[in-house]
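Read through the structure below, which is laid out as structure tokens, and then see the notes.
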Amino acid sequence: QVQLVESGGGLVQAGDSLRLSCAASGGTFILYTMGWFRQAPGKEREFVGAISRSGGTTDYAEVVKGRFAISRDNAKNTAYLQMNSLKPEDTAVYYCAARLLGSITTREVEYDYWGQGTQVTVSS
């Protein structure tokens with residue numbers, strides 16, 4: 001069973017950058033497609049982006065495309081979400097998720113393991 005721990009959240013101003021990390025343990029990291037989701041207050045959790053097992057393919061939600069970038073370091077068992085040009089509407093709890101042996105998907109139900117989330121707050 002994989003355990004995921006997000007870190008790097010915080011309070012920033014609009015236009016700032018932030019990098020989230022997702023450290024995995026308890027499994028073979030390279031077997032997992034990694035996804036990032038977020039949930040804003042009063043809203044459903046939504047897909048942010050995902051990266052393939054090799055790191056060669058990524059996919060992003062339209063609202064973050066061009067501003068956010070996902071990467072992974074399989075040697076360190078860690079995935080990253082680089083967030084640039086942050087906007088107040090990016091305020092949310094950000095979650096990483098792992099999908100065993102599957103390809104990139106935007107669907108929450110396809111992911112097998114989830115982290116506890118990290119808060120990102122963007123002030124205007």
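The values are calculated or read from the model by the stated rules, or taken from the named source; none is laboratory data. Nothing here was measured: the structure is a model prediction, and the numbers come from that model. For neighbour counting, all protein chains shown are included, and Cβ atoms are generated from backbone atoms with ideal geometry for every residue, glycine included. Accessible surface is based on the protein model in full, side chains and every heavy atom, while ligands, DNA and RNA are left aside. Shrake-Rupley method; radii C 1.70, N 1.55, O 1.52, S 1.80 Å.
Among the residues of the range 1-26, the one identified as aliphatic (A, V, I, L, M), within 17 Å of PRO88 (Cβ to Cβ) and within 16 Å of the chain's Cα centre (by Cα) is LEU18.
Here VAL64 fulfils each of the conditions (1) in a strand (DSSP E or B); (2) within 14 Å of the chain's Cα centre (by Cα) apart from (1). Screening SER54 against (1) in a strand (DSSP E or B); (2) touching a residue at least 24 places away in the same chain (Cβ under 8 Å) leaves a single unmet condition, (1). Residue under question is ALA61, and the condition is that it be of a type in the set (Gly, Ala, Ser), farther than 10 Å from MET34 by Cα and either open to solvent by less than 50 Å² (accessible area, probe 1.4 Å) or modelled with pLDDT under 95 (or both); does it hold? It is true that ALA61 is of a type in the set (Gly, Ala, Ser), farther than 10 Å from MET34 by Cα and either open to solvent by less than 50 Å² (accessible area, probe 1.4 Å) or modelled with pLDDT under 95 (or both). Screening the candidates TYR32, TYR80 for the property of being in contact (Cβ under 8 Å) with a residue 60 or more places away in the chain and out of contact with any Phe, Trp or Tyr (no Cβ under 9 Å at 6 or more places or on another chain) yields one hit, TYR80. Any residue at all in the range 1-10 that's in a loop (DSSP other than H, G, I, E, B), open to solvent by 50 Å² or more (accessible area, probe 1.4 Å) and of a type in the set (S, T, N, Q)? The answer is yes; a qualifying residue exists. The set of residues from the range 17-57 being over 17 Å from THR105 (Cβ atoms) and loosely packed, with under 15 Cβ neighbours inside 10 Å comprises SER17, ARG19, SER25, GLY26, THR28, ILE30, GLN39, ALA40, PRO41, GLY42, LYS43. Checking each residue in the range 87-124 for being touching a helix residue (DSSP H, G or I) at 6+ places or on another chain (Cβ under 8 Å), among the hydrophobic types (A, V, I, L, M, F, W, C), assigned to a strand (DSSP E or B) and closer than 14 Å to SER52 by Cα picks out ALA97, LEU100.
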